[in-house]
1. Hey, among the residues in the stretch 73-90 that are outside any helix (DSSP H, G or I) and hydrophobic (A, V, I, L, M, F, W, C), which one's surrounded by the most Cβ atoms within 10 Å (Cβ to Cβ)?
2. Take the residues in the stretch 116-149 that are basic (Lys, Arg) and open to solvent by 30 Å² or more (accessible area, probe 1.4 Å), then tell me which one is nearest to ALA47 (Cα to Cα).
3. Identify all residues within the stretch 91-134 that are within 8 Å of the ligand (Cβ to nearest atom) and in a strand (DSSP E or B); write none if there are none.
4. Note down all Cβ pairs under 9 Å where the first residue falls in the stretch 98-118 and is free of Cβ contacts under 8 Å to residues at least 60 places away in the same chain and of a type in the set (Val, Ile, Thr), the second is open to solvent by less than 20 Å² (accessible area, probe 1.4 Å) and more than 7 Å from the ligand (Cβ to nearest atom), and they're at least six residues apart or on different chains.
5. Please enumerate the residues belonging to the stretch 8-23 that are touching a helix residue (DSSP H, G or I) at 6+ places or on another chain (Cβ under 9 Å) and surrounded by 13 or more Cβ atoms within 10 Å (Cβ to Cβ).
6. If you take the residues of the stretch 135-151 that are part of a loop (DSSP other than H, G, I, E, B) and of a type outside the set (A, V, I, L, M, F, W, C), which of them is farthest from GLU165 (Cα to Cα)?
7. Find the residue count for the stretch 91-101, including only residues that are surrounded by 13 or more Cβ atoms within 10 Å (Cβ to Cβ), of a type outside the set (A, V, I, L, M, F, W, C) and over 19 Å from ASP37 (Cβ atoms).
8. Between a residue in the stretch 150-172 that is buried (at least 18 other Cβ atoms within 10 Å of the Cβ) and any residue that is assigned to a helix (DSSP H, G or I), which pairs come within a Cβ distance under 7 Å, given they are 6 or more apart or on different chains?
Amino acid sequence: MEWTFCSIDDDSVNRENFDCGVPELNEYLKKYARQNDRRGIAKTFVAISEDGNRDVYGYYSVGMAEIKRESLPANYQRGIPRYPVPAMRLSRLAVALAMQGRGLGEELLMECFRKAVRLSSEVAIFAVIVDAKNQPVKEFYLKYGFIPLKDNELSVFIPISTITEFLENASS
Ligand SMILES: CC(C)(COP(=O)(O)OP(=O)(O)OC[C@H]1O[C@@H](n2cnc3c(N)ncnc32)[C@H](O)[C@@H]1OP(=O)(O)O)[C@@H](O)C(=O)NCCC(=O)NCCS
């Protein structure tokens, strides 16, 4: 399927049927995503099909965060200041049950990566970070080059330099 990505603030999208199997992620999309988007708390982007159906099949939410130097693995601490460095947090990522395992999660992640790289030319972003929901979901992120942070066993990061390289290789 071909996907279009748009803001949750687009009134024409239908989020009422969305079910990813995780109640709090369903509820977030239906009840809180739009208001948080408008208030600058977290921006949410949804995937809708290019066939004209306006149902949401997947979404991700992003905001800003920071990473403490001591949270980084030792080999990443070199050259990093003692104060926290800026990061973009992928706070939510979910795909409808009917679409899981068909590549939409990866497409949403790539969309998030492209956004991070674009923003990083205007606002400093050292890395993208995620607090994975559980170990299997952490494995999903590790597959794309995320690296475990030291302070929380489910938190992972990926340097913006790695993302840039990854996207360049993917497009060549
Ligand atoms: C996690 C999630 C977003 C992945 O989306 P998806 O569309 O099913 O994933 P994709 O089809 O794009 O899979 C991409 C790759 O990740 C792997 N993968 C998918 N889900 C995985 C999981 N839970 N654990 C480990 N690997 C996973 C796939 O096997 C695939 O690898 P392959 O290409 O080598 O086969 C989706 O399963 C989901 O919404 N789960 C419920 C909500 C949730 O837990 N969100 C995470 C919040 S931190």
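The values are calculated or read from the model by the stated rules, or taken from the named source; none is laboratory data. No experiment lies behind these values; they were computed from the predicted model shown. Note that each Cβ is placed from the backbone with ideal geometry, even for glycine, and that neighbours are counted across all protein chains shown. Accessible surface areas use protein heavy atoms only, side chains included; no ligands, DNA or RNA. Shrake-Rupley method; radii C 1.70, N 1.55, O 1.52, S 1.80 Å.
1. LEU90
2. Among those that are basic (Lys, Arg) and open to solvent by 30 Å² or more (accessible area, probe 1.4 Å), it is ARG118.
3. ARG92, LEU93, ALA94, VAL95, VAL130, ASP131
4. Matching pairs, first to second residue: VAL117/ILE125; VAL117/ILE163.
5. ILE8, ASP9, ARG15, PHE18, ASP19, CYS20, listed by residue number.
6. This residue is ASP151.
7. Going through the stretch 91-101 one residue at a time, the tally reaches 1.
8. Final answer for the pair search is VAL156/LYS138; VAL156/TYR141; VAL156/LEU142; ILE160/ALA116; ILE160/VAL117; ILE163/PHE113; ILE163/ALA116; ILE163/VAL117.
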